[in-house]
């Protein structure tokens, strides 16, 4: 039995639990593991949605769908879009400015962070066909779209400076971008990344208009691809959630988050302050500064422009609160902050003190709730207790 009346959520109304069942290859969790963890956690935390994926085990999800329907809890499939699909489908990769494909980033079994070009309709079509073949009729209420972006600098220099496949180059040229000059500016870059001069309300200003055009065109590519994909899922009758970067990083991976918010039912910014892996703001900022050859001076200047301590570990809390507050007001759908509650040594060091501090700070914003990330099955009991205690 799920105890709800005894708990009063202090931020919004929505608590989402996120569960990783395994990748497209490798080990898969059992339904019994999922059920036992949910039985334990739902006694303490009044979740109204579960996001779960993306192992190719339809029966696991069918059984979970029946379990969650009996508790009146929404069920979303966690689905990677411009990454991971190449393990089971033929996809076209992103191409870096040097002409090479971006490096992978291996986080663990089933997650290789190999990215595919958002401009090629084949890659989005592969996701739709995979969903239809493996997950259609399972009983999901919605889909939760992850990796909806270009690769970041966590995928190396050719990841961050992408894509330069013929299709993308054509899009740039049609958009008035001088691709030859862009390549030159990439090769010449030092000091402050991209010549950023200011940052306010989620918007960067650049000393060279070329960068603004480049990032705007990439955001257009991602938005166009997702608009088409979301229309298809809507026609199938599914609700849609989106996993996005912390706002100050979105521009550099093709995510105009307020624009994307018009396509979905909620967005989850990954406000992963203690994560040292892809999507962790500190990790991603460090990769960006390293791969753009910013040096100590450029790093200090970039941090000053942002108004953030880029060396803080966990990542700067005050800056994160300002980011979340801005995004909650800028989006046209609910914003639900992604907060880590799993623990993985040297990768995500979430402990009860971190969780209480983060949830308390984020509660001062107009966010609509929390997505307890990124894998409930790796969340130790003391972290779950910390969340439950805060929510009381």
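The residue 173 and residue 300 beta-carbon pair, evaluated with R₀ = 30 Å, returns a calculated FRET efficiency of approximately 0.25.
Could you tell me the center-to-center distance, by alpha carbons, between the stretch 245-283 and the stretch 66-84 in angstrom? Each part's Cα centre sits 20 Å from the other's. Between residue 27 and residue 325, the contour length at 0.36 nm per residue exceeds the alpha carbon distance by 103.4 nm. Averaging the Cα positions of each part gives two centres, and for the stretch 209-235 and the stretch 360-392 these lie 31 Å apart. Taking label positions 7 Å along the Cα-Cβ direction at both residue 346 and residue 224, the computed distance is 4.3 nm, reported to one decimal. FRET efficiency for the residue 318 to residue 66 pair, using the beta carbon distance and R₀ = 41 Å, is estimated at 0.40. Sorting 115-128, 175-188 by average packing, meaning the other beta carbons within 10 Å per residue, from highest down gives 115-128, 175-188. With each label modelled as a point 7 angstrom along the Cα→C-beta vector, the residue 180-residue 57 pair spans 5.6 nm.
Per residue, the convex hull spanned by the Cα atoms of the chain measures out at 120 cubic angstrom. Taking each residue as 0.36 nm, the span from residue 35 to residue 128 lengthens on full extension beyond its C-alpha to C-alpha distance by 30.7 nm.
Peptides 293-299, 54-60, 163-169 ranked from most to least packed give 163-169, 54-60, 293-299, packing being the mean of other C-beta atoms within 10 angstrom over each peptide's residues. Summarising the strand pairing of the chain, around 25 percent of its internal DSSP beta bridges are antiparallel.
Read-outs: derived from the displayed coordinates by stated rules, not from any lab. Please read these numbers as outputs of a predicted model, since none were measured by experiment. No Cβ is skipped: glycine too gets one built from the backbone with ideal geometry, and neighbour counts run over all protein chains shown.
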